[in-house]
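Taking it in order: structure first as structure tokens, then the write-up.
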Amino acid sequence: MLHAKVVTRFAPSPTGFLHIGGARTALFSYYFAKHHDGDFRLRVEDTDKKRSTEAATQAILDGMDWLGLHHDGDIVYQSQNEARHKKIVLDLIKAGHAYPCYLTPEQQAVERQSSRDAGRAFRSPYRDGKSPPDECPFVIRFRVPDGETTLEDQVQGLVKWNNKDFDDLVLLRADGTPVYMLAVVVDDHDMGVTHIIRGDDHLVNGGRQKLIYEALGWDVPDFAHIPLIFGPDGKKLSKRHGALGVDAYADMGYLPSGLRNYLTRLGWAHGDMEIFTDQQAIDVFSLSGINKAPARLDFDKMAYVNGQHLANTPIYAIWKYGQTFFEAKNQGPLSKEQHSRLQTALPYIVGRAKTLIDLADQAYFVTRSRPIPLTGKAKKTLKPDAKPRLDDLLILLSGVLEEQWNHKIIQELLTSYIEDEGIGFGKIGPPLRACLTGGAPSPDLALVLDLLGKPETLARIQDCLDIFYKNNEE
Ligand code: GLU
């Protein structure tokens, strides 16, 4: 169908967090709308009053905000449209597409069985004008027409159902409240939604909803039912697999841009495009790139993609997302000096990390407070014969001018020292690294010295001599 303006929507039920599967559906809807200069709307489907909570609504909004999924227009709360839903049901009754059904639960069970015996879905005898009993609660059911329903799904292709397999579904419950199947159609229509992109667990609902659109004489939107995400083992995604809220991924040190890229690429492809920005995804996104087969979550790939985004993120933004991780590693806020050392070091080490947790580990050696505790492994490198080497290096390094304190000059100094002494690098590298990092992960040694700066380097070597070697004198 041709549309004047593309409108998509994300329609979560607020019964939990923003699950990554939901986040991916939202991303697809978002990119599709933006690709067509359209609107991406948000509707909170809070009609199930028992299960919907304000905390869950807030968690979903926070998750979308963190992920950078900005919706257009006001949020629609489905529960606020109840009067409109009821009015539409009345219209359907008037037009003969819906009818009151007075069956008690017991009678319904009997009818259900006889519908089954007749090889069709549930039909109520009240659809054919059976006279109602006195004072009996009733529901309003949709009168499913005879024939066939077809849906030209943008992902699944042509899907056909025989209408006799569709129940005469309830539109209004006995307490007068509308059901999801009706509310969704009315709201999508009223919001001008042109493309419904959602999980393929709703595919059959698509067929049922199409019948309601047709009964109302409304344009039927395009549907794209996307396969669900499976766990790495190909089984249904469970919590153990990572079926968590996006907030859990934020806590694991993923960047919003990294998670966005990974989730978008999960089940959607455009040529060999693997790492992309938001704008690049908007530029090329199309429903035809969505895979029909379910995607499998792959944590290694997720980490790889995130690492690429980390490497491409400006340092000020890394600080914005990483601050809590650096502070957690430091067990408290960073001092001005620690912060400035970190800022100097980040461009050199960011390419080695996959997540912000990883980055905080990689950066820890620069922010550590003196005197630095040594790991058992680090201690083992501090053999007695390393002490005179460290004494020498302390003197040599003290002679380097602050303005010449850089990676290259330090490397030359270390190389000429081992050459002059006729020793291998193994005699000085590990002990020096132990003093400077305590055994924390670290890059190339000369770079470690460069990033720590002269005063901190000398102080850490001195600490090693004063504390470790003093305590371990024979
Ligand atoms: N509220 C429904 C859900 O969370 C989605 C309905 C829809 O997208 O049509 O599963």
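Among beta bridges from DSSP that stay inside the chain, the antiparallel ones total about 55%.
Placing +1 on each Lys and Arg Cβ and -1 on each Asp and Glu Cβ, with no other charges, gives segment 77-233 a dipole about its Cα centre of roughly 400 debye.
When the Cα positions of Ala281, Leu413, Ile93 are compared along the charge dipole of the chain, Ile93 comes out farthest toward the positive end, with charges on each C-beta of Lys, Arg, Asp and Glu.
Lacking any other cysteine beta-carbon closer than 4.7 Å, the following Cys residues of the chain have no compatible partner: Cys101, Cys136.
Dipole of the chain computed with +1 at Lys/Arg Cβ and -1 at Asp/Glu Cβ about the Cα centre; of Pro221, Gln78, Ser52, farthest Cα towards the positive end is Ser52. Computed from Cα atoms, the angle from the helix 203-216 axis to the main principal axis of the chain rounds to 40 degrees. Between segment 49-103 and segment 264-330, the alpha-carbon centres lie 31 Å apart.
Considering only segment 10-160, what is the antiparallel percent among its DSSP beta bridges, to the nearest 5? Don't skip to the end; give the middle numbers.
Details: 8 of 11 bridges.
Percentage antiparallel, nearest 5: 75.
Across q = 0.12, 0.17 Å⁻¹, segment 330-444 modelled as identical point scatterers on its alpha-carbon atoms has Debye log10 I(q)/I(0) values of -0.50, -0.99, in the order of the q list. Relative to the dominant Cα principal axis of the chain, helix 315-330 is inclined by about 70°. Expressed to the nearest 5 percent, the antiparallel share of DSSP beta bridges inside segment 192-351 is 20 percent. Put simply, the Cα atoms of segment 238-277 extend 31, 21, 9 Å along their principal axes, the longest span coming first. Charge dipole (Cα centre; +1 on Lys/Arg Cβ, -1 on Asp/Glu Cβ; no other charges) of segment 87-158 amounts to roughly 120 debye.
From most to least packed by mean Cβ count within 10 Å, the peptides 175-185, 129-139 give 175-185, 129-139. For Ile196, the residues whose amide H sits under 5 Å from its own are Asp222, Phe223, Ala224, ignoring neighbours fewer than 5 places away on the same chain, with H placed 1.01 Å from N. Listed by chain and number, the lysines placed with their C-alpha closer than 18 angstrom to that of Lys454 are Lys336, Lys408; residues fewer than eight positions away on the same chain are left out. Please compute the contact order of the chain in relative form: average sequence separation of alpha-carbon pairs under 8 Å and at least six residues apart, divided by the residue count, as a percent. Computed over the chain, the figure is 13 percent. Our coupling estimate for segment 453-467, obtained by passing each phi through the Karplus curve with A = 6.51, B = -1.76, C = 1.60 and θ = phi - 60°, is x, 5, x, 5, 4, 4, 5, 5, 5, 4, 4, 5, 5, 6, 9 Hz, Gly and Pro reported as x.
About the centre of its Cα atoms, segment 174-292 shows a dipole size close to 520 debye [charges on the beta carbon of Lys, Arg (+1) and Asp, Glu (-1) only; nearest 20 debye].
In square nanometres, what is the average projected area of the Cα convex hull of the chain? Please report the intermediate quantities before stating the final value.
Working: hull surface 122.0 nm².
If I average the Cα hull's projected area over directions, I get 30.5 nm².
Computed over the chain, the per-residue total of -39500 (n - 2.57) for DSSP H runs of n ≥ 4 gives a 222 nm mean residue ellipticity of -14500 deg cm²/dmol, rounded to 500. For Arg143, nonlocal amide neighbours, meaning residues 5 or more places apart or on other chains whose placed amide H falls under 5 Å from its own, are Ala98, Tyr99. In the chain, the longest principal axis of the Cα atoms and the axis of helix 105-117 are about 90 degrees apart. Between Tyr348, Leu449, Ile197, the Cα set farthest toward the positive side of the dipole of the chain (charges on each charged residue's Cβ, about the Cα centre) is that of Ile197. Computed from backbone phi with θ = phi - 60° and the Karplus coefficients 6.51, -1.76 and 1.60, the 3J(HN,Hα) list for segment 344-361 is 5, 7, 3, x, 7, 10, 4, x, 8, 9, 9, 10, 5, 5, 4, 5, 5, 5 Hz; x is used for glycine and proline. Put simply, the convex hull of the Cα atoms in segment 1-107 casts, on average, a shadow of 10.0 nm².
If packing is taken as the mean number of other Cβ atoms within 10 Å per residue, what is the order of 303-311, 287-295, 95-103, highest first?
Details: 303-311: 21.0, 287-295: 15.0, 95-103: 18.6.
The densest-packed peptide leads the list: 303-311, 95-103, 287-295.
Values quoted throughout were computed directly from the atomic coordinates according to the rules given, and no laboratory measurement underlies them. Keep in mind the model is a prediction, meaning the values are calculated, not measured. Please note: Cβ atoms are built from the backbone with ideal geometry, for glycine as well, and neighbour counts cover all protein chains shown.
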